[in-house]
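Each remark here refers to the structure printed beneath this line.
The values are calculated or read from the model by the stated rules, or taken from the named source; none is laboratory data. Here the structure is a predicted model, which is why all the values come from computation and not from measurement. Here Cβ is always computed from backbone atoms with ideal geometry, including for glycine, and neighbour counts include all displayed protein chains. Areas reflect the complete protein model, heavy atoms only, side chains present, ligands, DNA and RNA absent. Shrake-Rupley method; radii C 1.70, N 1.55, O 1.52, S 1.80 Å.
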Amino acid sequence: MKEGNRALSLYTLLVFIFLLGPLVIISITSFEPGTVLKFPPEGFSLRWYKNIFEVSAFMETFRTSIVISLLGNLLALLLGVPAAYALSRYRFRGRDMLNAVFLSPVLIPGIVLGFTLLRYLIVVYNLPIVAGLLIGHTVIMLPFIIRVIASSLENFDFAVEEAAQSLGATRLFTFFKVVLPNIRSGILAAVLIAFLESFNNVDISVFMTGPGISTLPIQMLTYVQNYFDPTIAAISVILMVLTAALMFIIERLMGFAYFTKR
């Protein structure tokens with residue numbers, strides 16, 4: 001029994017090293033003072049973290065990524081919250097098919113989805129690049145919004161909604177004053193998860209960006225093709241820290257939503 005536990009512990013340790021090792025190496029190399037990415041670094045310097053803010057392309061694409069992610073999140077919420085409510089609240093013909101349609105962007109390979117959006121939005125319908133990029137990011141965020149909010153609604157007792165309506169409240173009033181406040185934590189978690197998916201997206205953005213319009217991940221790919229300094233490693237460390245912080249917040253929100261329903 002002890003030998004089995006030791007083997008399992010060793011296997012778990014190797015898995016963690018495999019997953020976290022590259023992240024640790026990237027974090028260490030980001031402090032390399034030289035002009036070439038090296039491991040182990042020959043010294044310690046914050047030079048390349050400073051360089052992030054000196055390269056205008058990084059700041060411009062960062063702003064673009066933030067704007068696209070926030071606007072796409074808003075559109076996905078406007079579509080996803082009613083959809084999640086309807087799918088959780090009612091049983092109707094075609095419900096499973098509709099649920100599959102909403103979740104299909106997660107199942108379709110990103111490259112296939114990106115090329116399809118490029119083919120129809122940009123080539124066929126001749127939409128502006130910004131509009132196509134926004135629609136593409138809204139499409140990839142929508143499944144996360146629906147899935148997380150629907151999970152939150154699974155713990156909601158719809159008898160409370162019916163009780164409010166029996167006391168004279170309208171359906172719209174009940175939805176905004178009874179339903180939404182009870183799934184607030186789920187909505188916030190959905191927003192953060194969708195934001196991370198949009199902000200870090202590559203496969204859709206690489207097809208939907210064009211001259212003068214790019215996102216931060218695409219700019220990072222372009223930069224690393226021409227330069228081999230530790231700037232990209234420094235950006236990666238910052239993004240890892242921000243992602244970890246957001247995931248911690250999401251975990252707390254989902255935990256709060258779970259315990260408040262018990």
* Structure fact -> Flagged in segment 87-118 as of a type outside the set (A, V, I, L, M, F, W, C) and under 20 Å from residue 140 (Cβ atoms), in numbering order, are 99, 104, 105, 109, 110, 114, 116
* Structure fact -> The residue from 102, 156 that alone is in contact (Cβ under 8 Å) with a residue 24 or more places away in the chain and in contact with a Lys or Arg (Cβ under 8 Å, 6 or more places away or on another chain) is 156
* Would you be able to say whether some residue in segment 117-127 is open to solvent by 50 Å² or more (accessible area, probe 1.4 Å), over 30 Å from residue 208 (Cα atoms) and not in a helix (DSSP H, G or I)? => no
* Asked: Take the residues of segment 168-207 that are assigned to a loop (DSSP other than H, G, I, E, B) and touching a residue at least 12 places away in the same chain (Cβ under 8 Å): which is farthest from residue 106 (Cα to Cα)?
  -> 183
* Structure fact -> The one condition residue 131 fails out of (1) without any contact (Cβ under 8 Å) to a residue 40 or more places away in the chain; (2) over 15 Å from residue 75 (Cβ atoms) is (2)
* Asked: Here are some residues: 156, 92, 102. Which one is part of a helix (DSSP H, G or I) and of a type in the set (Phe, Trp, Tyr)?
  -> 102
* Is it the case that segment 14-30 has a residue that's hydroxyl-bearing (Ser, Thr, Tyr) and at pLDDT 90 or above? -> no
* Criterion: closer than 30 Å to residue 157 by Cα and over 20 Å from the mean Cα position of the chain (by Cα) - qualifying residue of 88, 56, 104 -> 88
* Out of (1) over 15 Å from residue 148 (Cα atoms); (2) crowded, with 20+ Cβ neighbours inside 10 Å; (3) modelled with pLDDT under 85, the odd one out for residue 227 is which? -> (2)
* Can you run down the residue pairs with Cβ atoms below 7 Å, 6 or more apart or on separate chains, where the first is in segment 79-96 and under 22 Å from residue 184 (Cβ atoms) and the partner is of a type in the set (S, T, N, Q) and open to solvent by 50 Å² or more (accessible area, probe 1.4 Å)? => 87/99
* Being of a type in the set (Val, Ile, Thr) and over 25 Å from the mean Cα position of the chain (by Cα) narrows it down to one of 209, 170, 243, so name that one. => 170
* To do: Within segment 95-104, identify whether any single residue is crowded, with 18+ Cβ neighbours inside 10 Å and closer than 23 Å to residue 176 by Cβ, and answer yes or no.
  => yes
* To do: Find all pairs meeting these conditions: Cβ atoms under 9 angstrom apart; at least six residues apart or on different chains; first residue within segment 217-245 and basic (Lys, Arg); second residue surrounded by fewer than 20 Cβ atoms within 10 Å (Cβ to Cβ).
  => none
* Asked: Just a yes or no: is a residue in segment 172-179 surrounded by fewer than 18 Cβ atoms within 10 Å (Cβ to Cβ), farther than 30 Å from residue 133 by Cβ and among the charged types (D, E, K, R)?
  -> yes
* May I ask you to list the residues in segment 192-213 that are under 21 Å from residue 243 (Cα atoms), β-branched (Val, Ile, Thr) and open to solvent by less than 40 Å² (accessible area, probe 1.4 Å)? => 204
